[in-house]
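The values are calculated or read from the model by the stated rules, or taken from the named source; none is laboratory data. Being a predicted model, the structure only gives us computed values, none of them experimental. Positions of Cβ are backbone-derived with ideal geometry, glycine not excepted, and every protein chain shown enters the neighbour counts. Side chains included, ligands, DNA and RNA excluded: accessible areas come from the protein's heavy atoms. Shrake-Rupley method; radii C 1.70, N 1.55, O 1.52, S 1.80 Å.
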Amino acid sequence: MPFINGKKESKYSGVSVHEYLAVQQFDERRIAVEYNGKILPEKDYDKVILKDGDQLEVVTFVGGG
Amino acid sequence: MDLEHQNIVVAFRHALIDRLGETLYKTFADSHIAILGLGGLGSHAAISLARNGIGKLTLIDFDRVEMSNLNRQQYRLVDLGKYKCHALSEVIVSFNPLIELIAQPIRLTPDNVADYVKDVDLVLECLDEAEAKAWLVRTLRSELPDIPFIAASGMAGIGSANQIHSRKVSDNFYLCGDETSDVAEMGSLICPRVAVCAGHQALTALRLLANVED
């Protein structure tokens with residue numbers, strides 16, 4: 001099963017990154033997605049299907065600085 | 001360089017070496033860090049890094065100093081109306097006679113940012129808008145993945161400083177902040193809380209340069 005933000009997430013195995021982000025209601029303009037240690041370009045959110053052993057990190061940014 | 005200034009430079013270097021030791025002094029003096037955004041985060045981080053003897057800083061912000069910045073950013077009344085990158089340079093050279101500064105009063109975009117930071121050892125993301133932080137990370141992590149990148153998210157409001165942390169997201173990508181306090185919801189930034197977050201960023205940078213692992 002894939003690991004998402006450090007947790008095992010079996011129900012997202014076989015699901016695209018785009019679908020995961022939509023289900024979780026992430027605002028795609030405010031996030032950066034790291035897939036197996038590398039940034040995942042937005043154009044690939046649809047193409048990447050989460051599988052066993054994958055590491056997905058979704059970093060959400062909030063305003064202020 | 002006149003003799004008096006030369007003496008100050010020698011004494012300053014001597015004092016830094018005395019505090020840091022030869023090895024760290026040399027590591028920091030040989031380093032070049034880019035600070036993108038010079039508000040509450042960037043102005044505090046830049047000053048910390050300059051005090052610790054970083055050899056070269058690139059300071060980028062298109063904004064000018066306003067009265068409403070003075071509650072939390074390291075500017076002075078005499079800086080009102082100046083570009084932040086120029087005002088901050090003046091503050092820094094008032095205590096560090098050795099440092100090399102590159103001040104860029106330009107607006108960063110996904111198309112130009114890599115050009116400005118491609119030669120640095122490390123990048124600090126100190127912007128204020130969530131969308132801008134996100135595109136900056138996406139752009140630099142994809143175009144310059146070998147340059148360590150230290151972002152900040154979540155430092156608004158008057159919550160405990162203990163919620164603010166630093167973590168490694170993946171290779172060369174670090175995040176500092178509480179990751180939740182949005183200025184749009186919290187309404188304001190409080191000087192010491194922004195400074196704590198900027199301190200996390202600056203310390204993460206120095207630890208990376210010093211090759212210190214947890």
Residue by residue, what Karplus-based ³J(HN,Hα) values in Hz, rounded to whole numbers, does the stretch A:30-38 have, using 6.51, -1.76 and 1.60 with θ = phi - 60° and x for Gly and Pro? 10, 10, 10, 10, 9, 10, 6, x, 10
Measuring from label point to label point, each 7 Å out along Cα→Cβ, what is the B:Lys168 to B:Ala184 span in nm? 3.3 nm
In degrees from 0 to 90, rounded to the nearest 10, what is the angle of the helix B:130-143 Cα long axis to the longest principal axis of chain B? 60 degrees
So what's the back-of-envelope 222 nm ellipticity for the protein assembly as shown, counting only DSSP H runs of four-plus at -39500 (n - 2.57) apiece and dividing by all residues, rounded to 500? -10500 deg cm²/dmol
At each listed q (0.22, 0.27 Å⁻¹), what is the log10 of I(q)/I(0) that the Debye formula gives for the stretch A:3-60 modelled as equal alpha-carbon point scatterers? -0.80, -1.30
Using a 1.4 angstrom probe with every protein chain in place, what is the largest-first accessible-area order of B:Arg72, B:Arg107? B:Arg107, B:Arg72
Distance from the Cα centre of the stretch B:119-189 to that of the stretch A:35-65, in angstrom? 16 Å
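In nm², what is the average projected area of the convex hull enclosing the Cα atoms of the protein assembly as shown? Intermediate results must be reported in sequence, preceding the final value.
Numbers: hull surface 62.5 nm².
Directional mean of the projected Cα hull area for the protein assembly as shown stands at 15.6 nm².
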Residues meeting the amide H criterion for A:Ile4 (H placed from the backbone, H to H distance under 5 Å, 5 or more places apart or on another chain) are A:Glu9, A:Leu56
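Suppose accessible area is computed on protein heavy atoms with a 1.4 Å probe; arrange B:Met186, B:Met67 from highest to lowest.
On the way: B:Met186 90, B:Met67 120 Å².
Accessible-area ranking of B:Met186, B:Met67, largest first: B:Met67, B:Met186.
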Gain in span if fully extended, B:Arg19 to B:Ala114, counting 0.36 nm per residue against the direct Cα distance: 30.8 nm
At a Förster distance of 22 Å, what's the computed FRET efficiency of A:Lys51 paired with A:Phe26, Cβ-Cβ distance as r, to 0.05? 0.65
Full-stretch length increase - B:His5, B:Arg207 - with 0.36 nm per residue and alpha-carbon distance subtracted: 69.6 nm
Taking the stretch B:57-191, how much of its Cα-Cα pair set, in percent, is spaced more than 23 angstrom apart? 41 percent
Calculate, for the stretch A:3-60, the solvent-accessible area per residue in square angstrom, rolling a 1.4 angstrom probe over the heavy atoms of the protein chains. 58 Å²
Of all accessible heavy-atom area on the protein assembly as shown, the percent that carbon and sulfur account for (1.4 Å): 50 percent
What are the ³J(HN,Hα) values, in whole Hz, obtained from phi via the Karplus relation 6.51 cos²θ - 1.76 cosθ + 1.60 with θ = phi - 60°, for each residue of the stretch B:26-32 in sequence order, with x given for Gly and Pro? 5, 4, 5, 5, 8, 9, 10
In the calculated pair distance distribution of the stretch B:26-106, what percentage of Cα-Cα distances lie above 21 Å? 19 percent
